[in-house]
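Undergrad: Quick one: the structure is below, questions incoming.
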C-alpha cells in the first residue's frame, strides 16, 4: 500500500514541478535540497518525508492534502474531524499518521495524530524540514532525538522545536507513543 502511495505522490510532485516550469535543479535550489533528493522523491521508489512534501506545497502554493491524496480540501470557515476520522497518511511504514486538518482550505499549520512504535536506537531515522513543530503527548513514552540530544516525553508533556534541526522518534518501553504533532 505505502509503495503505491509513494508512486502516486511522486507523480504529483513531478507533475507539479513540470507545471511550474522548473527543472529538477531549479526545484532543488528553491527548496534548498540536492537534485538527488528531488529525483529520488519523484521516482516513487522510497519514502517521501512529510517535511519535503510540506516544503513543496508551500513553495508551489498547493494544499498538502491535495499533494498527498490528489483531493482538494473544501471547508473555509471551520473543519471538524471526529474521533477516528483523520485522513490516513500511509506514507511512512514506521509511523501511523492521521491528518487532522485535511478538510480545511488554506491551512497555515499541519496538525497530525501520530502513533510511533518502539524500535531500537539504530532504527531511528533522522529527518529535517523547514518550519517549526509542536508535539503534545497523549499515550506512552516518546524518545525524540534533536541534534543528537535525546529527550523523553510522557503523557501531558509537550515540545516545541525548530524542524530544521535533524530529529528522529521512537516509542519507549516496548509500547507505541501517541501524540499530536503540529507542523508550522
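Undergrad: Relative contact order for the chain using alpha-carbon pairs under 8 Å, separation at least 6, rounded to a whole percent?
TA: On the way: 363 pairs, mean separation 33.9, N = 184.
The value is 18 percent.
Undergrad: Under the 0.36 nm per residue contour assumption, what length would be gained going from the current alpha-carbon distance of residue 174 and residue 34 to full extension?
TA: 46.8 nm
Undergrad: For region 109-183, how big is the tail of P(r) above 20 Å, as a whole percent of Cα pairs? Could the numbers behind the result be given before it?
TA: Details: 572 of 2775 pairs.
Tail of P(r) above 20 Å: 21 percent of Cα pairs.
Undergrad: If you don't mind, there's one more thing I want to ask. Angle check, please: helix 50-60 long axis (alpha carbons) against the longest principal axis of the chain (alpha carbons), in degrees 0 to 90, nearest 10.
TA: 40
Undergrad: At q = 0.16 Å⁻¹, work out log10 I(q)/I(0) for the chain with the Debye formula, treating every Cα as an identical point scatterer and leaving solvent out; two decimals please.
TA: The calculated log intensity ratios at q = 0.16 Å⁻¹ are -1.04.
Undergrad: Ok, one more. Going by average Cβ neighbours within 10 Å, how do the peptides 114-122, 37-45 rank, with the highest at the top?
TA: Values: 114-122: 14.8, 37-45: 17.7.
By packing density, highest mean first, the sequence is 37-45, 114-122.
Undergrad: What ranking do 69, 165, 158 get, fewest neighbouring Cβ atoms within 10 angstrom at the top? Mind showing how you got there, number by number?
TA: On the way: 69 19, 165 14, 158 11.
Least crowded to most crowded, the residues run 158, 165, 69.
Undergrad: Give the percent of DSSP beta bridges with both residues in the chain that are antiparallel, rounded to the nearest 5. Could you put the intermediate results ahead of the total?
TA: On the way: 36 of 38 bridges.
About 95 percent, rounded to the nearest 5.
Undergrad: If you rank 160, 136 by fewest surrounding Cβ atoms within 10 Å, what's the result?
TA: Working: 160 11, 136 15.
In increasing order of surrounding Cβ atoms, one gets 160, 136.
Undergrad: Relative to the first principal axis of the alpha-carbon coordinates of the chain, what is the inclination of helix 2-20, with its axis defined by its Cα atoms, in degrees from 0 to 90 and to the nearest 10?
TA: 40
Undergrad: Output needed for region 2-69: three equivalent-ellipsoid semi-axes, defined as square roots of 5 times the C-alpha gyration tensor eigenvalues, in descending order, whole Å. Could the numbers behind the result be given before it?
TA: Working: eigenvalues 53, 36, 22 Å².
Taking √(5λ) for each Cα gyration eigenvalue gives 16, 13, 11 Å.
Undergrad: What number, rounded to the nearest 500 deg cm²/dmol, is the helix-based mean residue ellipticity at 222 nm of the chain, given -39500 (n - 2.57) per DSSP H run of at least four residues and division by all its residues?
TA: Numbers: 5 runs with 53 residues, N = 184.
Result for the chain: -8500 deg cm²/dmol, rounded to the nearest 500.
Rule-based calculations on the coordinates, nothing more; no lab input. These numbers come from a predicted model, not from an experiment. For neighbour counting, all protein chains shown are included, and Cβ atoms are generated from backbone atoms with ideal geometry for every residue, glycine included.
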